[in-house]
Every structure is written in structure tokens, then in C-alpha cells.
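Below is one structure, written out as C-alpha cells, with a few remarks after it.
The values are calculated or read from the model by the stated rules, or taken from the named source; none is laboratory data. Here the structure is a predicted model, which is why all the values come from computation and not from measurement. For neighbour counting, all protein chains shown are included, and Cβ atoms are generated from backbone atoms with ideal geometry for every residue, glycine included.
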Amino acid sequence: MKVPAAVLFSLLLSVPSWAVLGQPEQSVTSDQKRLRGELRSTTGQGYTVHEIDAPDGMIVKEYAAPGGMVFGVSWRGPTMPDLQNLLGSYFPEFRQSAANAGPHHRVLAVRTARLVVESSGHMRSFRGRAYVASLLPANITEEVIQ
Amino acid sequence: MKTTCQLRIHLRRWWAPALAAALISILAGGCGGAGSSPSTSTSTSSSSGSSSSSGSSSSGSSVNNLLPMQVNAGPANNSLNEPVVSVTICAPGSTNCQTISDVLVDTGSVGVRLLASLVAVSLPEATDTSGNLLGNCVQFADNSFAWGPVVTADVELAGEKASSTPIQLIGAGGFPAAPSPACNTGGINDDTAANLGANGVLGIGVFQQDCGPACTSASTTLQPVYFSCPTSGCSETSVDPTSQLQNPVGLFPQDNNGELISLPSVAVGGAPSLSGSLIFGIGTHSNNGLGGVKVYTTDDVGNFSATFNGQSYSGSFLDTGSNGLFFLTSALTGIAACAAPNVGFYCPGNPTSVLVTTVGLNGTSSQVSIKVANADSLFASSNNVFNNVGGPNPGPPPAFDFGLPFFLGRNVFVAIQGQNTPAGAGPFWAY
């Protein structure tokens, strides 16, 4: 879904800030060294998207509420991203649910009381998203996380 | 799926219990021991000397190109729609061979990967340009990973032989643990049959290498696939295409342009198991002619498009390694999703059909009908093979993953990138 951009920043950063789910968008994790690319931040109606386009084809988007809290992330690229980093404190919950789901390999959907993770794809082509429903801003649905 | 109550074992390394070792049949001299092994015998037929033709020739050879394939619940009995074959590996250039059963036939990946705990034959380890051992890591969409050394083996499938092929031994003892987070990001370790759902993976997708160009230069942004492993520990490295894990089909002396997946149809209620064929070569024998099928080329990552309700979804693909038809969302299809514990599957009130048009990069298109029944009901039955199990694939963006059910009752050709066939060069699917 395209969101009309109210403000558009286009920045070239060698080391972008890298926020994780449920953390303030200013948060920087150890993964910041891994993804080097163009960071473009777009503030739309009710949320901000930080999109990192890495030179090797990985695209990561982070969706932040007006207060700065990251409520959703999405990814697309030739490999899986480091989900431990992207999901942050929600990772153990994801891991446990994924473990109980049996061998899937190509498509995985995890739904807990707090967390939704959808991941799919095959070697050379992966995509997915994760969000925390309780962190969604008012009047915003998970449909914006693309 | 039906395994939601399954408890997984998370061990960093897994040494084979004697029982598991007994399940594999050790063939040929040198391995000794397993005198009356229950299954199979290798046919190392050296195709009557002068079958010099390339795979694209239709003259045919005397080589047996048909490998029996089963679809079942996998060796751990915890999966469904799992297409499996027996794979024979030999120390390069020797008759010291071993056959491993229940290896997943996977057109969504490339490379032979076997559980190290089942491999008894001694295989030489591959090294990088610095002479260090080479490690390989594959991460799957469910965040599980397979890690282990690259070794070299002759891979025998039916009467075909891929000599000196780099393959992966998953979870090999004595090899460094998976680097974290570069390989192990805290996901499930696929080093057991229960976690992998099979005893190994026979990756025979549309490419010749597992990673390809992305791994020929050191990347700073992607999760690495290849690792240099001196005794001090493993670190990311780049690897030439010829040293990467290989699609064994492309290394055959003949019948090397791809394969035909041939599975019969199954009744609406499913079946406990199913027998079909994995046939090597395209247009090289009387049993693998293209006939009147259409050819759908793929893009450079192995995807094509699917059109539904007037909307085109790129990033769609065919995949025997997906156990269902995973496509779009409930909002887009109107098909209800299952509640727990079968989250990730569709649970329509009544069985339903979806008409979708598959479109190759070459513009070839045709409409196909896929069926979806209530996964809660299907999983409650004792059957393991279904043509109508499906679930959402929301992406983003949403796409169609035409998994194993798509292949039931349909002959599907898989052509390898750069290889010639009577219908042109791969990569393509044809059906």
C-alpha cells in the first residue's frame, strides 16, 4: 500500500540507525554493521517508514509510531535477515512458536498473543514481516506493513 | 500442521544413536558390517562406454534415468506431502558407497545436503583457496538453518552419476559449531531428521549452484552462506561458483539439463503415501519428452508471476519442498485462515477451488485450478498426502508458492539455468 508522503528524507548513510521491534526507532543494535545501504525515511499518515536498501539486494523496512516506537518490520532479499536482531526482545517468543510448528522451511506463520511473524521464500528469494498488534498506532492496521 | 504438539530437540551437535545408523544401508566393500541390509543396491553402471551425447540430445543413452520417488510423512513421521528419494554417495572415484533413504526432493533449493549422523562413508573435506576447511550454511524461511562442512562425493541417482560433487554434511561432529549470528540466528538447527523433516535435501532447482553470484564476492550485508574454517574458528568467505554446492543433475555426463517430476493424482481425501518418479533429463529419453507442455521461464532468482483476480503477483514459484499451496491472504482470496494450532493454513468451511494464471518471464501463460480444503479436517485424518492443503503467503508482497500439491497428477519439468533443452535454455518450468 502506498502512503502519501508528507515528509520525505533521503539520506545516504554508511552506518544507519537500526531499530528493532518494540524499541525506539533511534535504537542501534549490533546489526548496524551488517546492513550498509541507503536509508530513506518517509513520514506518512500516522507513522514513519525507515527503509534501508542494501547494495546486495536486501530491503528492510521499519515502521515507527509517532512516539518513535517500532511496531513493525518487513524484509525482502536473497537471504534471510538476522531475525534475532530484527525481532529483538520478541525473538524468544518467535523461536518457541516456530519450534512448535514443525518442519516448514518455505512458509511460516507465527501468531502469539502479542506477536505476528510471517516469513516465506526460497533460496535466493526471501520475504516476510513481523509486527506487534498492541503497538500499532491508532487507526493504523497491519496492512501498512509491506 | 499436524505436528504442533511435537517437541523438538535442540542440540548443537547430534551423534547418531546406533539405531539410526542401522537404518541406513551400507553398500559395497570397505564399509563392511551391515551384511543383509534391507534395501537397495547401487547400480554404478558406466553407461556403455561411448554415450558421448550431451543432455540436450534426444538420442538417448542406456543409462537408467528414473529414480523411484515416494511422497509421505518423512522419516520422522512428522511431516506431510514430503517427496523423498534414496541418494547414493560414494567416496570420489571409488566403489565405497552408501545409500541414504528419505532425502527430500527440493526444487526450491540447490545442492545435496545430508545429515552427517547418517553418513558412514568417509568423504574428503573441501577446502578454500587458503587451505582451510569450508563450511556451508543455509537458512530457511522458518528461520531454521543447516550447517556443516562441504565435502566431496560422487552422487549417484538411479543410473546417473555426478562425480566429485561438493555436498554438505549437516551437523558434522568434530566440525566447528555454526557461527552465530552469521549462520545460527537462534533458529532451529536442522541437524536431525525430526527438525529437517527428512534425512537430507536433494536440491535440484533451476540453478547449478546453491548461492551463485551472491557468494563469489564477500558480502557485508547478507547473511553469509560460505565460511572459511581454520582451527581458530569460522568466518565468512567467498567461493567460486564451481566450488559451491552443486545441482548434481547438471554434473551428469548425460541427462544433465534438468528433470521431470512425475507424480500421480490423489483422491480428495488424500492418501497415506504415494509413488512416483524423478526422471532425469529433458527430451533425452523416451520417458522425458516435453510433448505439448508449455514452457515458463523464470527470473534470475527463480520466480515467475501468477495472476489472480486481475492482479499480478511476481515472486511466485513452483516448489516440491513446500508441503502445501501457499498463496496470498484471506483478505485477497476470501478463504478463511485456520485458528490455532494450524495457524498458517487455510480452513475454508467447504472445499474450494482457485483459478490462477501462471505467467512465465517469456510471457507464456495458462490458467490452472488449485484446490483448498479445511486443513483442520485434513490433518485430523491418518493420511499424509493431500492435493488440497494450502495456506496464506502474505509476503510482503503476497505471492503464490505452488508446493507439492501442484505436482500431484501433473508432469512438471525443471530446466537448469544455461542448459539447453529441445524447448530452449533454462531456467524454466514446463507443464
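For the range B:104-129, the set of residues classified as within 14 Å of chain A (Cβ to nearest Cβ) and in a strand (DSSP E or B) consists of B:L104, B:V105, B:D106, B:V110, B:G111, B:V112, B:R113, B:L115, listed by residue number.
Strands (runs of 3 or more DSSP E) fully within the range B:373-431 that include at least 2 residues being under 22 Å from B:G315 (Cα atoms), within 14 Å of another protein chain (Cβ to nearest Cβ) and not aliphatic (A, V, I, L, M): B:400-402.
Out of B:S286, B:S353, which single residue is of a type in the set (G, A, S), over 16 Å from B:I261 (Cβ atoms), more than 11 Å from chain A (Cβ to nearest Cβ) and not in a strand (DSSP E or B)? When all the criteria are applied, what remains is B:S286. The condition of being at pLDDT 95 or above and out of contact with any Asp or Glu (no Cβ under 9 Å at 6 or more places or on another chain) holds for B:T242. Only residues that are within 23 Å of B:A214 (Cβ to Cβ) and in contact with a Ser or Thr (Cβ under 8 Å, 6 or more places away or on another chain) were counted across the range B:230-257, and they come to 11. Here is the figure for the range A:71-89: residues that are assigned to a loop (DSSP other than H, G, I, E, B) and of a type in the set (D, E, K, R) total 1.
A count restricted to the range A:54-68 and to residues that are at the interface with another protein chain (Cβ under 7 Å from one of its Cβ atoms) and surrounded by 20 or more Cβ atoms within 10 Å (Cβ to Cβ) stands at 2.
The single condition from (1) in a loop (DSSP other than H, G, I, E, B); (2) within 8 Å of another protein chain (Cβ to nearest Cβ) that B:S217 fails is (2). Among the residues examined, B:A340 qualifies as among the aliphatic types (A, V, I, L, M), surrounded by fewer than 18 Cβ atoms within 10 Å (Cβ to Cβ) and part of a loop (DSSP other than H, G, I, E, B).
Of the residues in the range B:327-350, how many are among the hydroxyl-bearing types (S, T, Y) and away from chain A (no Cβ under 14 Å)? Selection size over the range B:327-350: 1. If I filter the range A:131-144 for residues that are of a type outside the set (D, E) and facing chain B (nearest Cβ under 9 Å), do I get at least one hit? No; the residues of the range A:131-144 include none that is of a type outside the set (D, E) and facing chain B (nearest Cβ under 9 Å). For the residues B:G159, B:G108, B:G93, the requirement of being within 30 Å of B:A415 (Cβ to Cβ) and crowded, with 24+ Cβ neighbours inside 10 Å singles out B:G108.
The residue that is surrounded by the fewest Cβ atoms within 10 Å (Cβ to Cβ), counting only those in the range B:307-326 that are more than 10 Å from every other protein chain (Cβ to nearest Cβ) and in a loop (DSSP other than H, G, I, E, B), is B:G310. Please verify whether the range B:36-52 includes one or more residues that are surrounded by 23 or more Cβ atoms within 10 Å (Cβ to Cβ) and either part of a helix (DSSP H, G or I) or at pLDDT below 95 (or both). No, every residue in the range B:36-52 fails to be surrounded by 23 or more Cβ atoms within 10 Å (Cβ to Cβ) and either part of a helix (DSSP H, G or I) or at pLDDT below 95 (or both).
Among the residues of the range A:69-118, just one is at the interface with another protein chain (Cβ under 7 Å from one of its Cβ atoms), under 12 Å from the mean Cα position of the chain (by Cα) and either under 13 Å from B:V343 (Cα atoms) or surrounded by fewer than 20 Cβ atoms within 10 Å (Cβ to Cβ) (or both), namely A:E118.
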